[in-house]
Amino acid sequence: MTTVDQRLASRAKERSPSPIRELMPYLSIPGMISLGGGYPNPETFVFRKLGISFKSGRTQQISGADAIAASQYGPTSAHRELGPTLLQWHKHKDGVTLSEQELLVLNGSQEGLFIMAYLFLEQDDCVVVSDPVYPGASGAVSAFCRNFIAAPLDAHGMDTARLEKRLRELQARGDKLPKFVYTVPSGHNPGGVTMSLERRKHLLTLAELHDFLILEDDPYQLVQLEDEETLPTLQALEGEPRRVIRLDSFSKIFAPGLRLGYATAHADIIRQFVLFKQYANLHTSMLVQAMLHSYLKEHGFDEFRAEIKANCLLYRNNRDAMVEAARAYLPPEVTFNIPGHGMFIWFILPSGFDAERMIRQDSEALKVLLVPGAAFAIDTDLKNCMRASFSMVEDETIREGMRRFAQMISREGERIEGERLEGEKS
Ligand SMILES: Cc1ncc(COP(=O)(O)O)c(C=O)c1O
């Protein structure tokens, strides 16, 4: 297997760690008098005590040494108390036991997408993404390389059989194989689908066979809309971290504005993530990490899971309303998936329909907005596709939104028919 060093892009090779950040472990040696570092004196900090009221009705205070730690510079990889808590959380949630060196707290999983692209991609490299793809990922990749291999999505997630065929073709031609495969295994954005167990295993086999990494971006893992057991993550199926770099996010289960997520992977890869962060932003906000830690300490994992589950009922209710209204109002030629995770439904309209034109011409008048498929396109133009989200509006409003979407579809149908008749005349 190619080593991490061999995989790195030249911009990420042979970087030396921040000489000051690397001295941080010395600070916890008892009796150490530190004349190093450029830490501001805590006497100068504005916070003495931070009070937090949780939705559960309970409160917590961050005060004394904790308030200072939340205000001060901290370790790059994680807040001292949150780091071990996240390792326990990861084991509780995914059944995967990792070490401190295999985890790094991020400013949301979006930061992890950018770091992966920064670390591993040269301009002539290529990356596998699903088609449609989350534009935050293709955008991060595009900053470094624009060679995408599109793997189609169906109701069972990324079509790994088609991917296998594509990889064999590349190999036969002697072309470069992908550096990594980017996948959103649960509640895909925008596809709404969840990758089946067989395909998860197949993707891991392909990674071994063709020696690539897998970027498992899983922010909707716990946004579960059915009661069934969740599938094992790609990382859990791998057994020990080798090829899978996993991104977890607290955006959809805690609070997105806090910008909190974490990466887990082989220690050599996390080390490279740490080096990136040392020079990009030093570390994720200690205050924000302290707030998450305070919540987890007060509520425990089981209560957190129960809270997430209760919130998922709201999403499930909204999904059901959207599915029901789509069945009632949309013409039968419009196809869509029923998501088991996440917040999105991907609508495929008859070919010839132009989603961008529909939004441009009818959205304002009909007062309904969806995202045209082109925003997520990689290979094909996805001109006749639309993404609808059921996360923000109430079920009644969703029904009305679907009714208006149906009107939009019928107007586009009339336009297409008009164009056809026009074409016949001329
Ligand atoms: C698939 C996917 N990945 C990553 C992100 C970014 O998440 P975060 O808020 O953790 O940066 C999103 C946000 O919508 C997403 O849908």
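Values quoted throughout were computed directly from the atomic coordinates according to the rules given, and no laboratory measurement underlies them. All of these numbers come straight from a predicted model, not from anything done at the bench. Note that we place each Cβ from the backbone using ideal geometry, even for glycine, and neighbour counts take in every protein chain shown.
Numerical summary
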read-out: Nonlocal amide H pairs with ILE214, under 5 Å, H built at 1.01 Å; value: VAL181, VAL244, ILE245
read-out: Order by protection proxy (mean Cβ within 10 Å, highest first), peptides 243-252, 55-64, 98-107; value: 243-252, 98-107, 55-64
read-out: Highest average packing first - 180-186, 13-19, Cβ atoms within 10 Å; value: 180-186, 13-19
read-out: Order of THR3, THR205, THR194 under a 10 Å beta carbon neighbour criterion, fewest first; value: THR3, THR205, THR194
read-out: Segment 313-425: C-alpha pair distances exceeding 17 Å, %; value: 54
read-out: Gaussian network model of the chain, Cα within-10 Å springs - most flexible of LEU23, LEU330, LEU287; value: LEU23
read-out: Ellipticity estimate at 222 nm from DSSP helix runs (n ≥ 4, -39,500 (n - 2.57)) divided over the chain, nearest 500; value: -14000 deg cm²/dmol
read-out: Cross-link table LYS91/LYS309; LYS93/LYS297; LYS309/LYS367; LYS13/LYS176; LYS91/LYS297, entries beyond 24 Å C-alpha to C-alpha; value: LYS309/LYS367
read-out: Cβ-based exposure ranking for VAL46, VAL323, VAL133, in which fewest neighbours within 10 Å come first; value: VAL46, VAL323, VAL133
read-out: Spatial extent of segment 146-244: Rg and Dmax, with the Cα atoms as the point set, Å; value: 13.5, 46
read-out: Binned Cα-Cα distances of the chain, short to long, each 10 Å bin given as a whole percent; value: 4, 20, 27, 24, 16, 6, 2, 0, 0, 0
read-out: Using θ = phi - 60° and Karplus 6.51 cos²θ - 1.76 cosθ + 1.60, couplings along segment 243-251 (whole Hz; Gly, Pro as x); value: 9, 8, 10, 9, 10, 10, 10, 9, 5
read-out: Segment 313-383: trypsin sites (Lys or Arg not before Pro) in DSSP loop, at most 15 other beta carbons within 10 Å; value: LYS367
read-out: Efficiency of FRET from Cβ geometry, LEU313 and GLU424, R₀ 56 Å, rounded to 0.05; value: 0.60
read-out: Computed FRET value (nearest 0.05) for SER142 with THR230, which takes r as the C-beta separation and R₀ as 45 Å; value: 0.90
read-out: Between segment 184-253 and segment 353-417, the Cα center-to-center distance that results, in Å; value: 29
read-out: Residue with peak Gaussian network fluctuation, the chain [Cα springs, cutoff 10 Å], from ALA326, ALA406, ALA255; value: ALA255
read-out: Distant-in-sequence amide H partners of VAL223 (H built 1.01 Å from N, under 5 Å); value: GLY342
read-out: Nearest-ten-degree value, helix 160-173 long axis tilted from longest Cα axis of the chain; value: 80
